[in-house]
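These notes concern the structure reproduced below.
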Amino acid sequence: MITISDAAQAHFAKLLADQPEGTHIRVFVISPGTPSAECGVSYCPPDAVETDDVEIEFNGFSAMVDEKSAPFLAEASIDFVTDQLGSQLTLKAPNAKMRKVADDASLNERIEYMIQSEINPQLASHGGNIMLVEITTDGVAILQFGGGCNGCSMVDVTLKDGIEKQMLERFAGELTGVRDVTEHQHGDHSYQ
């Protein structure tokens with residue numbers, strides 16, 4: 001469920017050495033399965049362990065995960081990176097905003113999963129997002145752009161060279177194209 005690098009395990013072990021005996025870490029998702037999902041890590045003293053927690057054992061400590069967060073932490077990873085600017089703990093949870101779907105799920109579900117776990121996180125750096133409106137009978141994914149993407153002068157490039165290329169490659173034989181139905185209005189919200 002969660003991978004913790006050796007460097008991050010050593011960092012947690014060092015932090016936990018200063019905590020009361022029996023303290024572990026808790027990995028959680030606030031608002032799991034929603035666009036506003038946020039992941040976090042905190043101390044988990046023995047009296048905060050719930051009976052339905054999932055316990056994942058690591059080198060010298062355990063990571064406790066509440067039952068509600070567990071499905072959204074599939075393929076999550078925690079690393080501790082040191083560079084010229086200092087050290088940083090990173091937590092990546094690609095399924096926090098949307099639970100991972102099975103390979104044999106409907107095309108609609110698999111496209112939604114790709115949008116939430118891969119495309120929207122990329123667009124978020126520009127304050128943008130997309131949503132799937134429908135899939136036509138001839139296999140065209142109809143998308144609507146929002147946020148900073150609405151009115152952006154690069155939206156056609158983003159659609160054709162980025163999103164459409166990724167989707168047609170991923171869903172070869174199932175999708176025939178991708179089309180934008182957004183009525184773009186340039187404004188203060190648009191990415192410059």
Helix axis angle, 6-16 relative to the chain longest principal axis, alpha carbon, degrees = 50
All lysines inside 30 Å of residue 14 as judged from Cα atoms, apart from same-chain residues fewer than 8 positions distant = 68, 92
Run the 1.4 Å probe and let me know the accessible area of residue 43, rounded to the nearest 10 Å².
-> 100
Rounded to the nearest 5, what % of the DSSP beta bridges within the range 1-82 are antiparallel ones?
-> 65
Take the Cβ-Cβ distance between residue 68 and residue 105 as r, set R0 to 22 Å, and report the resulting FRET efficiency rounded to the nearest 0.05.
-> 0.55
Against the globular-protein guess of 2.2 N^0.38 Å, express the Cα radius of gyration of the range 1-125 as a ratio, rounded to two decimals.
-> 1.15
In Hz, Karplus ³J(HN,Hα) per residue of the range 53-64 (6.51, -1.76, 1.60; θ = phi - 60°; x = Gly, Pro) | 5, 8, 10, 10, 8, 10, 6, x, 7, 10, 9, 9
Residue 36 to residue 138: FRET efficiency via 1/(1 + (r/R0)^6), r the Cβ-Cβ distance, R0 45 Å, to the nearest 0.05?
-> 0.85
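The values are calculated or read from the model by the stated rules, or taken from the named source; none is laboratory data. What you see is a predicted model, and the numbers here were worked out from it, not measured in a lab. Using ideal geometry, Cβ is built from the backbone for each residue, glycine included, and neighbour counts are taken over all protein chains shown. We work out accessible area using only protein heavy atoms, side chains counted, and drop any ligands, DNA or RNA first. Shrake-Rupley method; radii C 1.70, N 1.55, O 1.52, S 1.80 Å.
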